[in-house]
Amino acid sequence: MPHGVYVDHHGNVFVTDVARHQVLKYEEGKWEEPALVLGEKFVPGTDDAHFCKPTSVVVNADDFIFVGDGYCNARVVKFNKHGKFIAEYGSLAEEGGKLGGMYVVHDLTINHGDRVVYVADRENGQIHTMSYKSEFTAIASVPGKAYAIDFIAETRSIAAVNISDHGSPSKVMMIDVDSNNITAVFPHNDSSFVMPHAITRLKNIGIYLGEIKSPFTIWKLSEVPPERETNARKSDFKLLNVITSQIPLSFCHRSHCSGVYPGYLPNYCRRYKV
């Protein structure tokens, strides 16, 4: 059950699989077998050889691999390019406010220029800044839960998916990484996303948002340059396109309650051959 995908500067594709408790690396054009596997298949754990539902992965310019581990653990694990364990960082904290104290590490994004990794602590609604030396240096907060993040180098900001705990509409927020202040929100009216679960930004193309509930929409937004804004209360985003999936991919996830994922798939997933 793939959850997080990252493409490094060599073109390698890294995938976190929460059902297998593994991270898989595929070299460009060689999709038959992974070139590197981290974790033991279907065996969850907390040591340096196991994950428990890893959610996300990023790779820095020195080829060190950072894994968000994730749904049952509350840590970021660092490996070298050969898959050798280097260290783990973070601790479980069901209440936010403590540097490195997290409760569901749900997404990572990387700032190569500042040599830091940003960590989305979903349940506490916080984004932790962690240096490559794995020192936690700052926390930014969002209202509700912080589901997904992506760093934008040109504006030194993080695009973050926020889902409220109190029934308010879900939002995309822009957060300045120098001040940790929220600088933009979309949408700013009563319209709402359903349940956005992932976000990525492609330079000069747009910001993409993936929904995991019906109608399984992919939203495409663009950033509006601040100098063009005439009303400070407006969002720094505009909607470009909406794509609706014909296949209910999110319903094809194996059961999260089965422990070892015995291979259950609903009938409609078999029908769609997902």
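Once a ≥ b ≥ c are taken as the square roots of the eigenvalues of the Cα gyration tensor of segment 53-198, is the result rounded (a/c under 1.5), prolate (a/b larger than b/c) or oblate (a/b not larger than b/c)? It is prolate, given that a/c is not under 1.5 and a/b is the larger ratio.
Note the full-extension length gain between Lys98 and Asp48 as 0.36 nm times their separation in residues minus their Cα-Cα distance, in nm to one decimal.
15.6 nm
The peptide list 150-159, 117-126, put in order of mean Cβ contacts within 10 Å with the highest first, becomes 117-126, 150-159.
Cross-link check: pairs Lys171/Lys213; Lys81/Lys220; Lys98/Lys203; Lys25/Lys98; Lys53/Lys81; Lys30/Lys220 evaluated at a Cα-Cα cut-off of 26 Å; pairs beyond the cut-off: Lys81/Lys220; Lys98/Lys203; Lys25/Lys98; Lys30/Lys220.
With r defined as the distance between the Cβ atoms of His82 and Ile205 and R0 fixed at 30 Å, what FRET efficiency is calculated, to the nearest 0.05? Kindly include the intermediate steps, with their values, before the conclusion.
Values: r = 34 Å, r/R0 = 1.12.
Here the calculated transfer efficiency is 0.35.
Per-residue SASA remark: Cys52, around 20 Å² accessible (1.4 Å probe; ligands, DNA and RNA not included).
With a Förster radius of 25 Å applied to the C-beta separation of Phe64 and Glu33, the computed FRET efficiency comes to 0.60.
Suppose accessible area is computed on protein heavy atoms with a 1.4 Å probe; arrange Thr137, Thr217, Thr200 from highest to lowest. Show your work: numbers first, answer last.
Values: Thr137 85, Thr217 10, Thr200 60 Å².
Greatest to least solvent exposure: Thr137, Thr200, Thr217.
A cut-off under 14 angstrom between Cβ atoms defines the neighbours of Asp48, and their net charge, with Lys, Arg +1 and Asp, Glu -1, is -1. Using the Cα centre of segment 68-219 as the reference point, and only Cβ charges (+1 on K/R, -1 on D/E), how large is the resulting charge dipole? Debye, rounded to the nearest 20. I would put it at about 480 debye.
The values are calculated or read from the model by the stated rules, or taken from the named source; none is laboratory data. Treat the numbers as computed from the prediction; the structure is a model and nothing was measured. With ideal geometry, Cβ positions are generated from the backbone for all residues, glycine too; neighbour counts draw on all protein chains shown. These area figures cover heavy atoms from the full protein model, side chains too; ligands, DNA and RNA do not enter into them. Shrake-Rupley method; radii C 1.70, N 1.55, O 1.52, S 1.80 Å.
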